[in-house]
Amino acid sequence: MSVLISANPRVQCKKCGRPATVRIRYAKLNLCSEHFTEYIEERVAKTIERYKMHSDLKKLLIGVSGGKDSMSLLYILSKLKSRYNIEIVCLHIDLGLNNYSEESKSIIIEASRELGIPCLIISLKDLIGYTLPELVEKSKRPPCSLCGMLKRYVLNLVGLEIGADAIALGHHLDDILSFALKDFLLQDLVDFSKMTPITPGIPGVAAKRIKPLYEVYESDLELYAKLKNIRVVGANCPFKYRDPITTSARKMLDELEEYAPGFKISLSRKLARNASRYVQGESIILCKYCGMPSSSGICGFCKLTMKVMGEPKGREAREKIRKLVDSSSFNN
Ligand code: SF4
Ligand code: ZN
Ligand code: ZN
């Protein structure tokens, strides 16, 4: 992780000799703001290259929530897109969380215009007739697991409809390691095995997913957004909640990082090598209602809509997304 340091002429930026503003502990490096943000962009580029995320990649879809992680990812990838010759489209899913969603939307529209990146906004209410709070109320399911499932489903459908070669997720190093540790402690090995930098796609059914922030600390992203003056949503999601196991896992990983700076990065590289070995040949059954991947023959989206609305709505949702994409309701 990196920390801001107060200006001291004797502590100089390693690259340009000006007073350093950031100390990168794991790299034992002092940098000025400009060279720090460049360093983070190069870190992402190296991650992309290390895991060959750019191979066969021409069109990339980025899911953007308006928070610091996905907004930083959007800015970093828009800077790198010419290096890898990729076209970027971003997607925001409006969950109907009142002020939080309104603020997120305006931030994303503004950023996508500034960066010249086409942006698609899909409202959950328009898609299935309910906002996230209404679905939580009706289904009695925990908000974050419901939200995660809906976002994954919609992102995948949009990825397939626009012909994206991959979907970039904003999960950073701290997220990935704490989720992996939690999955391991609970012996949820199927989820654990997905904590790799790339999840391969299935042609016509599931878009490939990549995690370009696999080796970037959360605190570095926070600093990046701050030093680049990137507008991010100020309010917290009203449902924000971190379960006790994830909280403890983060605390333990933070302590190990404090003791041995760089620990998290080396752990992430081992995880990248080994995670998929824990579950091999997991069978994917296509949902009998919408044809999307499922573990039991009915996908999470169709199960939810059956419960809340009395019938599976996967096919209808795909049709609506197809029309949206065809009508080019992008904001640029
Ligand atoms: Fe969704 Fe939970 Fe994040 Fe809110 S905190 S946006 S409900 S995953
Ligand atoms: Zn410098
Ligand atoms: Zn389905």
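The values are calculated or read from the model by the stated rules, or taken from the named source; none is laboratory data. As the structure is a computational prediction, the values presented were derived from the model and not from experiment. Positions of Cβ are backbone-derived with ideal geometry, glycine not excepted, and every protein chain shown enters the neighbour counts. Note: areas computed on protein heavy atoms with side chains; ligands, DNA, RNA excluded. Shrake-Rupley method; radii C 1.70, N 1.55, O 1.52, S 1.80 Å.
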Restricted to the stretch 226-247, and to residues that are outside any loop (DSSP other than H, G, I, E, B) and without any contact (Cβ under 8 Å) to a residue 60 or more places away in the chain, which residue is nearest to ligand 1 (Cβ to nearest atom)? 247
Given the conditions (1) farther than 30 Å from residue 316 by Cβ; (2) surrounded by 19 or more Cβ atoms within 10 Å (Cβ to Cβ); (3) in contact (Cβ under 8 Å) with a residue 60 or more places away in the chain, report the number of the one that residue 62 does not fulfil. (1)
Assuming residue 203 fulfils every condition listed in (1) open to solvent by 60 Å² or more (accessible area, probe 1.4 Å); (2) over 16 Å from the mean Cα position of the chain (by Cα); (3) within 24 Å of residue 68 (Cα to Cα) apart from one, which condition is it? (3)
What number of residues in the stretch 294-305 are near ligand 3 (Cβ under 9 Å from one of its atoms) and not in a loop (DSSP other than H, G, I, E, B)? 6
State the number of residues belonging to the stretch 19-51 that are closer than 20 Å to residue 74 by Cβ, open to solvent by less than 80 Å² (accessible area, probe 1.4 Å) and either in contact (Cβ under 8 Å) with a residue 24 or more places away in the chain or in contact with a Cys (Cβ under 7 Å, 6 or more places away or on another chain) (or both). 11
Residues being modelled with pLDDT of 90 or more and surrounded by fewer than 16 Cβ atoms within 10 Å (Cβ to Cβ): count how many of those fall in the stretch 1-18. 5
When both residues are 6+ apart or on different chains and their Cβ atoms are under 7 Å apart, which pairs have a first residue that lies in the stretch 254-282 and is outside any helix (DSSP H, G or I), and a second that is of a type in the set (Val, Ile, Thr) and at pLDDT below 95? 279/190; 282/190
Could you please find all residues in the stretch 252-265 being of a type in the set (Gly, Ala, Ser) and more than 16 Å from residue 220 (Cβ to Cβ)? 260
Can residue 151 be described as open to solvent by 20 Å² or more (accessible area, probe 1.4 Å), in a helix (DSSP H, G or I), within 16 Å of ligand 3 (Cβ to nearest atom) and within 18 Å of residue 164 (Cα to Cα)? yes
Hey, does the stretch 85-93 have a residue that's open to solvent by 40 Å² or more (accessible area, probe 1.4 Å), without any contact (Cβ under 8 Å) to a residue 40 or more places away in the chain, closer than 29 Å to residue 46 by Cβ and part of a strand (DSSP E or B)? yes
Within the stretch 102-124, residues within 16 Å of ligand 1 (Cβ to nearest atom), of a type in the set (Ser, Thr, Tyr) and buried (at least 24 other Cβ atoms within 10 Å of the Cβ) come out as 104
Here the residues within the stretch 282-315 that are among the acidic types (Asp, Glu) and either in contact with a Leu (Cβ under 9 Å, 6 or more places away or on another chain) or closer than 18 Å to residue 203 by Cβ (or both) are 282
Can you name the residue in the stretch 283-293 that is in contact (Cβ under 8 Å) with a residue 24 or more places away in the chain and not in a loop (DSSP other than H, G, I, E, B) and, of all such residues, is nearest to ligand 1 (Cβ to nearest atom)? 293
Those residues of the stretch 212-269 that are among the aromatic types (Phe, Trp, Tyr) and within 16 Å of ligand 2 (Cβ to nearest atom) come to a total of 1
